[in-house]
Amino acid sequence: MTKPKQSGAFSGYRFPPEIIAYAVWAYYRFSMSLRDVEDLLAARGVVVSYETIRAWATKFGSQYARVIRRDRAKVADKWHLDEVVLAMNGQKYWLWRAVDSNGDVLDILVQSRRNKQAANRFFRKLFRAFGQPRVVVTDKLRSYGAALKSLAPGIEHSNHKGINNRSEGSHRPTRRREKIMGRFKSPKQAQQFLSVHDQVQTIFRPRRHTLSAAAYRQTRADAHWIWDDITRDLQAA
């Protein structure tokens with residue numbers, strides 16, 4: 001029996017796009033290790049090594065995330081920014097994350113500093129992708145104010161103590177994955193993984209407590225439709 005020839009981005013792979021897409025989705029959607037995904041596929045009769053799944057996640061994850069980011073609805077004009085420390089190889093790095101007022105992660109950036117220069121770099125990345133917001137909410141780190149003063153002084157900046165910052169809560173899934181992965185091994189790995197992870201979480205983990213059961217089921221179905229549509233586009237690329 002002749003195996004069907006794969007096309008587009010999946011050309012040269014012996015497994016069909018549906019299996020690769022499922023493995024990539026499972027890895028980024030759930031708090032599972034690569035070996036967990038390997039066992040999940042094995043239970044469905046698909047024998048593939050976790051190293052192969054790692055290669056799939058690395059190559060295709062960024063492509064799915066890029067399309068999700070490109071096609072997302074217009075972001076809200078109020079952004080919440082926060083930074084959290086990541087320990088890698090005995091050194092401290094800072095994960096900068098921006099979330100809009102709807103709770104959707106806009107972008108992340110892993111950096112070795114949290115000074116004005118680092119804040120500038122993150123704001124420039126956000127402004128290139130989404131334009132400028134009306135309001136920026138941060139903690140008391142003065143680097144934010146210094147960067148905004150030089151880059152966009154017209155933006156309202158709120159940083160008083162005790163203000164609700166959605167970005168702080170968005171770090172929790174990162175901490176769960178960090179624990180499962182035995183910590184990130186390098187800034188490059190953390191940037192690569194979290195850039196995909198946060199975008200996948202945005203469409204597959206809506207704020208369920210704000211939705212009725214029917215609305216949540218529809219949102220979930222829409223997310224799978226988006227994922228399948230991206231898979232078809234990659235096949236045609």
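The values are calculated or read from the model by the stated rules, or taken from the named source; none is laboratory data. Not measured: the values here are computed from a predicted model. So basically every Cβ, Gly included, is an ideal-geometry build from the backbone, and we count neighbours across all protein chains shown. Accessible surface is based on the protein model in full, side chains and every heavy atom, while ligands, DNA and RNA are left aside. Shrake-Rupley method; radii C 1.70, N 1.55, O 1.52, S 1.80 Å.
Summary of values
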{"quantity": "Any hit, the range 52-66, residues being closer than 30 Å to G103 by Cβ, in contact with an Asp or Glu (Cβ under 6 Å, 6 or more places away or on another chain) and small (G, A, S)", "calculated": "no"}
{"quantity": "Unique residue being within 17 Å of A190 (Cα to Cα), of a type in the set (F, W, Y) and out of contact with any Lys or Arg (no Cβ under 7 Å at 6 or more places or on another chain) when the list is W79, W96", "calculated": "W96"}
{"quantity": "Subset tally (residues that are part of a loop (DSSP other than H, G, I, E, B) and either over 28 Å from V105 (Cα atoms) or open to solvent by 60 Å² or more (accessible area, probe 1.4 Å) (or both)) for the range 33-67", "calculated": "7"}
{"quantity": "Every residue from the range 68-79 that is β-branched (V, I, T) and not in a helix (DSSP H, G or I)", "calculated": "V75"}
{"quantity": "Identity of the residue in the range 98-144, closer than 16 Å to A73 by Cα and part of a loop (DSSP other than H, G, I, E, B), that ends up least open to solvent (accessible area, probe 1.4 Å)", "calculated": "P133"}
{"quantity": "Hey, D233 assigned to a helix (DSSP H, G or I), at pLDDT 95 or above and surrounded by fewer than 17 Cβ atoms within 10 Å (Cβ to Cβ) or not", "calculated": "no"}
{"quantity": "Wholly within the range 148-223, helices (runs of 4 or more DSSP H) carrying at least 3 residues that are β-branched (V, I, T) and either at pLDDT 90 or above or open to solvent by less than 40 Å² (accessible area, probe 1.4 Å) (or both)", "calculated": "187-204"}
{"quantity": "Qualifying residue in the range 85-95 (condition: surrounded by 13 or more Cβ atoms within 10 Å (Cβ to Cβ), assigned to a strand (DSSP E or B) and without any contact (Cβ under 8 Å) to a residue 40 or more places away in the chain)", "calculated": "yes"}
{"quantity": "Number of the condition not met by Y27 [criteria: (1) farther than 18 Å from W227 by Cα; (2) within 19 Å of the chain's Cα centre (by Cα); (3) at pLDDT 95 or above; (4) not small (G, A, S)]", "calculated": "(1)"}
{"quantity": "Residue match in the range 18-26 (condition: surrounded by fewer than 17 Cβ atoms within 10 Å (Cβ to Cβ) and either of a type in the set (F, W, Y) or under 18 Å from M181 (Cβ atoms) (or both))", "calculated": "yes"}
{"quantity": "Members of the range 207-237 found to be in contact (Cβ under 8 Å) with a residue 24 or more places away in the chain and under 17 Å from F30 (Cβ atoms), listed by number", "calculated": "W227"}
{"quantity": "Residues being over 15 Å from F15 (Cα atoms) and β-branched (V, I, T) - total across the range 39-90", "calculated": "6"}
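Table: residues versus (1) of a type in the set (A, V, I, L, M); (2) farther than 25 Å from R208 by Cα.
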position: Y93; (1), (2): no, yes
position: V99; (1), (2): yes, no
position: D104; (1), (2): no, no
position: I108; (1), (2): yes, no
position: N115; (1), (2): no, yes
position: A119; (1), (2): yes, yes
position: F123; (1), (2): no, yes
position: A129; (1), (2): yes, yes
